[in-house]
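Enquirer: Take this structure first; my questions come after.
The values are calculated or read from the model by the stated rules, or taken from the named source; none is laboratory data. On a predicted model such as this, the values are computed, not experimentally measured, just so you know. In this analysis, Cβ positions are derived from the backbone assuming ideal geometry, glycine residues included, and neighbour counts consider all displayed protein chains.
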Amino acid sequence: MRKIQSVCVFCGSSAGSRELYSQKARDLGRLLVEKGITLVYGGSNVGIMRVIADTMLEAGGKVIGVMPHTLIEREVAHKGNTEFHVVETMADRKTLMGELSDAFIAMPGGIGTLDELFEAMSWNQLEIMVKPVALFNIDHYYDHLIAFLDHSVSQRFVKPEHRTNLIIEEQETELLQKIEDYIPVKVDGGKWIKELRDNSFL
């Protein structure tokens, strides 16, 4: 079991169409506080981002926000975070959140959340890092994305190992347990290169 001290949560600057999304953000926030885990997130004071940050701060948890200076007014920076880092670009934001975090959770969100999710997955694929990446699939929000990833595997654009390494759960307790128990499935590098050379994977 790996020691998780900080988790980066990718989530919407909107609250979405259902109260359940906010409720599960509160549930996850309380669980992180209970386990003494720091939240790293985009630093916003709106949407699900605010819900999980406020929940943890009210319960005495540690919250680290990261936001480019160009978005501080647009995204409404949360002024109550334990720490707040102002960076230059969106790329800097993702890099710093990655450096500060031991694991990643994607809650329901939009284009920005998907961008952050796939960047983290690509870092693992390229072995820039080896950290758990998880989908918090609240009320089957990500079912279509999961089906697409499975389709990509069947069409041989995504390696089965990389798909397998993505943790997927509907309940926060089980999700965090799988993150703590995470053992990545490794791709056979030699076999991968041979498949590319033989053009059998493309």
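Enquirer: Consider residue 44 against the criteria (1) modelled with pLDDT of 95 or more; (2) under 18 Å from residue 113 (Cβ atoms); (3) crowded, with 22+ Cβ neighbours inside 10 Å: it satisfies all of them except one. Which criterion is unmet?
Expert: (1)
Enquirer: Here's something else I'd like to know. Please verify whether segment 92-114 includes one or more residues that are of a type in the set (Asp, Glu) and more than 22 Å from residue 5 (Cα to Cα).
Expert: The answer is no, given that none of the residues of segment 92-114 is of a type in the set (Asp, Glu) and more than 22 Å from residue 5 (Cα to Cα).
Enquirer: Picking from 178, 159, which residue would you name as being crowded, with 18+ Cβ neighbours inside 10 Å and among the basic types (Lys, Arg)?
Expert: 159
Enquirer: Could you identify the single residue in 36, 65 that is more than 25 Å from residue 140 (Cβ to Cβ) and buried (at least 23 other Cβ atoms within 10 Å of the Cβ)?
Expert: Just one listed residue meets the conditions, 65.
Enquirer: Examine segment 142-154 for a residue that is modelled with pLDDT of 95 or more, among the β-branched types (Val, Ile, Thr) and buried (at least 20 other Cβ atoms within 10 Å of the Cβ), and state whether such a residue exists.
Expert: Within segment 142-154, none of the residues are modelled with pLDDT of 95 or more, among the β-branched types (Val, Ile, Thr) and buried (at least 20 other Cβ atoms within 10 Å of the Cβ).
Enquirer: With a cut-off of at least 2 residues that are farther than 18 Å from residue 185 by Cα and touching a strand residue (DSSP E or B) at 6+ places or on another chain (Cβ under 7 Å), name the helices (runs of 4 or more DSSP H) lying wholly within segment 82-168.
Expert: 90-100, 111-125
Enquirer: Here are some residues: 166, 149, 135, 176. Which one is among the aliphatic types (A, V, I, L, M), free of Cβ contacts under 8 Å to residues at least 24 places away in the same chain and either closer than 25 Å to residue 21 by Cβ or touching a Pro at 6+ places or on another chain (Cβ under 8 Å) (or both)?
Expert: One residue alone meets the criteria, 149.
Enquirer: Quick one: would you say residue 106 is within 20 Å of residue 176 (Cβ to Cβ) and touching a His at 6+ places or on another chain (Cβ under 6 Å)?
Expert: Criteria not met by residue 106.
Enquirer: Another question about this same structure. As an exercise: evaluate residue 70 against (1) at pLDDT below 95; (2) not acidic (Asp, Glu); (3) not in a helix (DSSP H, G or I) and give the number of the one condition it does not meet.
Expert: Among (1) at pLDDT below 95; (2) not acidic (Asp, Glu); (3) not in a helix (DSSP H, G or I), residue 70 violates only (3).
Enquirer: Let me ask something else about it. Mind counting the residues in segment 6-37 that are part of a loop (DSSP other than H, G, I, E, B), farther than 18 Å from residue 63 by Cα and among the hydrophobic types (A, V, I, L, M, F, W, C)?
Expert: 1
Enquirer: Only one of 59, 53, 77 is under 16 Å from the mean Cα position of the chain (by Cα) and touching a residue at least 24 places away in the same chain (Cβ under 8 Å). Can you tell me which?
Expert: 53
Enquirer: Of the conditions (1) under 17 Å from residue 40 (Cα atoms); (2) buried (at least 16 other Cβ atoms within 10 Å of the Cβ); (3) not basic (Lys, Arg), residue 138 satisfies every one except a single condition; which number is it?
Expert: (1)
Enquirer: A follow-up question, please. Out of segment 44-67, which residues are of a type in the set (A, V, I, L, M), in a helix (DSSP H, G or I) and over 16 Å from residue 13 (Cα atoms)?
Expert: Correct list: 56, 57.
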